[in-house]
1. Once every DSSP H run of n ≥ 4 in the chain is given -39500 (n - 2.57) and the sum is divided by its residues, what mean residue ellipticity at 222 nm do you get, rounded to the nearest 500 deg cm²/dmol?
2. Return the whole-Å distance between the Cα centroid of region 68-139 and the Cα centroid of region 252-270.
3. Could you tell me which of Thr210, Val294, Pro323 has its Cα farthest along the dipole of the chain towards the positive end, charges placed at Cβ (Lys, Arg +1; Asp, Glu -1), taken about the Cα centre?
4. What does the charge count around Ser4 come to, taking other residues whose C-beta lies under 15 Å from its C-beta (Lys +1, Arg +1, Asp -1, Glu -1)?
5. How high is the relative contact order of region 7-275, given as a whole-number percent (alpha carbon pairs under 8 Å, six or more residues apart)?
6. So in region 7-275, what percent of DSSP beta bridges are antiparallel if you round to the nearest 5?
7. What is the distance, in nm, between label points placed 7 Å from the Cα along the Cα-to-Cβ direction at Asp466 and at Ala388?
8. Could you give the size of the charge dipole of the chain about its Cα centre, using +1 on the Cβ of each K and R and -1 on the Cβ of each D and E, expressed in debye and rounded to the nearest 20?
Amino acid sequence: MDHSQVPVLEALAAYHAEKHTPFTPPGHKQARGADPRVSAVLGDAVFRADVLAISGLDDRRSSNAVLEMAQELMADAVGAEHTFFSTCGSSLSVKAAMLAVAGPHEKLIVGRDAHKSVVSGLVLAGIRPVWVDPQWDAERHLAHPPSADAFRAALREHPDARGALVTTPTPYGTCSDLSSIAEACHEHGVPLIVDEAWGAHLPFHPELPTWAMDAGADVCVTSVHKMGSALKQSSVFHLQGDLIDPAVLKNREDLLGTTSPSVLMYAALDGWRRQMVEHGHALYDETLALAKDVRARIAEIDGMHVHGRDDFCGPGRAVDLDPLQLVVDITALGTTGYRIADWLREHHRVDLHLADHRRISAQLTHADDQDTARALVTALSDVAAHAAELRPALHVEVPDPARLRLEQVMLPRDAYFGRIEEVPWEQAAGRVSAEMLTPYPPGIPAALPGEKLNAGVLRYLRSGVDAGMVVPDAADTEVKTVRVSVEDVESGD
């Protein structure tokens with residue numbers, strides 16, 4: 001296909017060249033009605049690109065087929081059979097994929113390191129999760145993706161499962177053995193969904209980890225805004241094979257998605273695909289070289305250890321690592337990643353990707369260069385020199401894996417929508433959670449609806465919040481109270 005084409009961008013340019021006069025939404029009418037104070041910050045160009053898809057630029061069912069052509073070009077660019085754009089983020093796309101595979105009370109095998117959006121999908125659909133545990137690195141207190149053998153065992157134990165879902169790469173850049181997991185799923189005749197939100201760049205350079213479609217996955221969900229050049233909320237999901245009907249997948253997206261899609265997001269997705277096809281390999285040649293150099297420079301800073309393949313890959317760990325995720329252990333500095341991240345933001349205006357009780361992480365993309373790399377290394381060197389000011393840090397009580405893993409005793413949907421009460425966190429052990437309790441980032445629930453809480457996880461969350469952890473989706477974000485299910489008690493005659 002001719003990848004110099006950008007159907008959405010070209011249609012948008014034509015729309016402006018033809019000088020349309022819209023009597024349709026959006027009500028700002030090409031920025032004319034926008035508050036000048038808003039335009040002063042956003043610029044008129046944002047409003048001018050915000051046109052109505054229907055009777056304006058195009059629609060998903062329009063005869064102009066602008067979006068259809070853009071999606072076909074994206075599929076061709078990455079080697080998928082079908083691609084669908086979403087303007088509601090991968091949080092919606094992954095739900096659409098789940099609903100295309102399993103329905104109410106049907107089983108789906110899911111890695112327990114799944115993002116909160118997957119748990120939301122379980123709640124909405126009433127799917128029964130069969131959890132597969134991550135591989136726990138006891139030395140570093142870090143979870144790596146579940147092994148292929150763990151998925152094989154779950155498929156054998158639950159032959160009625162409708163499919164499987166795995167998250168890879170993780171927010172820490174570690175990758176699953178996707179080829180083996182896909183092979184196991186296909187041996188049982190069921191599809192594999194891959195939440196590859198952090199992997200938009202993977203198809204465009206051979207030195208990056210293998211991406212989901214090349215590994216044999218059936219559906220791959222990607223947040224192009226995370227590692228690509230698209231705008232926030234821009235997502236795509238790719239499909240191949242015959243285990244999922246593309247019409248069913250699209251129908252599920254229509255069920256959840258907006259009827260007012262953003263042409264602005266479509267245009268950015270379209271342009272990013274052209275950029276990657278024409279320049280992606282060269283851009284990532286430069287970015288990978290930059291990442292190697294930055295890793296070496298950070299490793300020279302006292303008190304900082306940059307995790308690499310030797311730390312994260314091997315038996316009982318991940319099979320690959322995205323080198324653009326710079327994960328730095330700061331334990332030797334005697335403080336927490338939370339305090340490091342806050343200090344960097346305050347003193348250097350450097351914003352990190354994530355922070356936890358003993359690590360910080362910075363992501364590099366094709367947009368980075370020597371200037372941004374210098375800003376990062378300078379800031380990290382400075383915070384290391386001021387580490388004494390950040391000590392002592394409050395201790396986060398991270399339980400061992402056995403106590404960190406909770407028992408699922410109710411369907412997530414039943415617990416979430418059932419009768420609930422709020423209790424003090426000290427009284428919540430032994431009760432069934434009716435909410436997600438999610439340290440963020442990276443957004444992986446420590447407890448989810450239907451799991452029986454224990455004292456270890458509750459102390460982990462409470463001590464984490466005191467130390468700087470954010471738990472934004474809890475009803476009480478300080479986790480001093482917890483929403484739990486009200487258990488029915490049989491009364492006597």
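Readers should treat all values here as calculations from the given coordinates under stated rules, not as data from a laboratory. Given the structure is predicted, the values throughout are model-derived calculations rather than measurements. Ideal geometry is used to build each Cβ from the backbone, glycine not excepted, and the neighbour counts take in all protein chains shown.
1. -11500 deg cm²/dmol
2. 17
3. Of the listed residues, the answer is Val294.
4. -4
5. 22
6. Here the antiparallel bridges make up roughly 50 percent for region 7-275.
7. Each label point is offset 7 Å from its Cα along the Cβ direction, giving 2.7 nm.
8. 880
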